[in-house]
Amino acid sequence: MIKSKLKEFGADFSLLLVAICWGATFFIVQDAIEDTPVYIFLFWRFFIATGFMFLISFKEIKKLDKETFKAGLVLGTFMFLGFAFQTFGLTYTYSSTVAFITGLNVVIVPIALFFIFKTKVSIYSISGASFAVIGLYFLTNTHAGGFGLGEFYTLICAAMFALQITYTDVYAKKHSAFLLVSIQFLVVSILSAFGALFLDGEIMPKSFDGVFLEALIVTVVFATVFAFFTQTVMQKFTTPAKTAIIFTMEPVSAGVFGYYFAEESFTFIQLLGAGLILFGMLSAELGTYFKSKRLSSV
């Protein structure tokens, strides 16, 4: 019991590092896509990451079968659609509104688990997700502008990321994490290439130096290879609902790095939102722990 709980705690901490990595790269990517279209940047980010992952996964190739490929295809499609619809959403509405609606995946995950897999969801995960959503609302300082096309696109984005988290929990227990991540990256890079060619009209950036190169290095190594591989491996030892809650730390860490490196500032309401997110994470983690401890002592 103790060993199992330590593994779960280790997995949760690793996923927290993933969320921080994603948040830390926000201001770097923001600078990069000012001169480089989003799909072109996504293509090169995931194309290079795919190469790294296949090198790392070379010894696992013998385990590749039809079911593993199909699993990677599903996860890669969800990941690509999440990024794509998020980009469309940013075209039509405020970025803070997009951030809040994207964060709704913490609510969608338990719903998806229930309707797709008939999985009973812990009341602590549900309550933790509720606090996290309220926290995200305050943290992102959502603008009131009605539910338009941008909001609709971003809601689809949130659903795609929620499904990616949910199905990762299922597939990571059945297939090689190395192969799942490699195939997933390959799918995203191929679909991003189509997006770049048909929507941006080209696939090559203006140059491979400066901010673009710096952003590529940081996002490929930390925010892509390390982050998604860790997510795939560590979700074997924790729940998808808690994974979604932990990932709400991404905007928190983005705010912290933005404050120190991009001269952004917090309002009291945003600090309150960050606190509620932390409370949501802790209530889900500690609630589940004490419930398990209580049941084991009966």
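Any read-out appearing in this document is the output of simple, stated calculations on the displayed coordinates, not a laboratory observation. Owing to the predicted nature of the structure, the values given are computational and were not obtained by experimental measurement. Quick reminder, even Gly has a Cβ in these numbers, built from the backbone with ideal geometry, and neighbours come from all protein chains shown.
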statement: Scalar couplings 3J(HN,Hα) for region 61-78 by Karplus 6.51 cos²θ - 1.76 cosθ + 1.60 (θ = phi - 60°), nearest whole Hz, x for Gly and Pro, are 4, 5, 8, 5, 9, 4, 5, 5, 5, 5, 5, x, 5, 4, 5, x, 5, 4
- prompt: Placing +1 at every Lys and Arg Cβ and -1 at every Asp and Glu Cβ, with all other atoms neutral, what dipole size does region 2-296 have around its Cα centre, in debye to the nearest 20?
  reply: 1780 debye
- prompt: Working out 0.36 nm times the residue gap between residue 233 and residue 152, then minus their Cα-Cα distance, what length gain in nm do you get to one decimal?
  reply: 26.0 nm
- line: Karplus ³J(HN,Hα) for region 162-174 (6.51 cos²θ - 1.76 cosθ + 1.60, θ = phi - 60°; Hz, whole; x = Gly/Pro) runs 5, 5, 5, 5, 5, 6, 4, 4, 6, 6, 5, 7, 10
query: What is the distance, in nm, between label points placed 7 Å from the Cα along the Cα-to-Cβ direction at residue 34 and at residue 286?
result: 4.2 nm
- line: Long-range amide H partners of residue 119, meaning residues 5 or more apart or on another chain whose placed amide H is closer than 5 Å, are 114
- line: A correct Karplus calculation of ³J(HN,Hα) over region 39-56, with 6.51 cos²θ - 1.76 cosθ + 1.60, θ = phi - 60°, whole Hz and x for Gly and Pro, returns 5, 5, 4, 4, 4, 5, 4, 7, 5, 5, 4, 4, x, 4, 5, 5, 5, 5
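Please compute the net charge surrounding residue 215, taking Lys and Arg as +1 and Asp and Glu as -1 over other residues with Cβ under 11 Å from its Cβ. Don't skip to the answer; put the middle values down first.
Working: positive: 45; negative: 31, 34, 35, 214.
Summing Lys and Arg as +1 and Asp and Glu as -1 gives -3.
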query: Going through region 134-221, which GluC sites (Glu not before Pro) have at most 16 other Cβ atoms within 10 Å and a DSSP loop state?
result: 202
message: Using 0.36 nm times the number of residues separating residue 65 and residue 173, minus their current alpha carbon distance, what extension gain do you get?
response: 37.4 nm
field: Calculated FRET value between residue 130 and residue 265, using beta carbons and R₀ = 30 Å, to 0.05
entry: 0.60
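How would you classify region 163-209 from its alpha-carbon gyration tensor, with a ≥ b ≥ c the square roots of the eigenvalues: rounded for a/c under 1.5, else prolate if a/b is greater than b/c, otherwise oblate?
Values: a/c = 3.70, a/b = 2.46, b/c = 1.50.
In terms of gyration-tensor shape, prolate.
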Sum of side-chain charges, residue 166 neighbourhood, beta-carbon under 13 Å (Lys, Arg +1; Asp, Glu -1): +2
field: Net charge of neighbours whose Cβ lies under 9 Å from the Cβ of residue 175, counting Lys and Arg as +1 and Asp and Glu as -1
entry: +1
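How would region 150-298 be classified by its alpha-carbon gyration tensor: rounded, prolate or oblate, with rounded meaning a/c under 1.5 and the a/b versus b/c comparison settling the rest?
Working: a/c = 2.14, a/b = 1.35, b/c = 1.59.
Here region 150-298 falls in the oblate category.
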- request: Rank 230, 271, 212 by how far each Cα sits towards the positive end of the charge dipole of the chain (+1 on Lys, Arg Cβ; -1 on Asp, Glu Cβ) and give me just the farthest.
  value: 230
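At a Förster radius of 51 Å, what calculated FRET efficiency corresponds to the Cβ-Cβ distance of residue 4 and residue 204, to the nearest 0.05? Could you put the intermediate results ahead of the total?
Numbers: r = 49 Å, r/R0 = 0.97.
E between residue 4 and residue 204, to the nearest 0.05, is 0.55.
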- line: So, for the Cα atoms of region 2-296, Rg and Dmax in Å stand at 18.6, 60
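Does region 196-246 come out rounded, prolate or oblate, given a ≥ b ≥ c as the square roots of the eigenvalues of its C-alpha gyration tensor, rounded meaning a/c under 1.5 and, failing that, prolate meaning a/b above b/c? Walk me through the intermediate numbers first.
On the way: a/c = 3.76, a/b = 2.15, b/c = 1.75.
Here region 196-246 falls in the prolate category.
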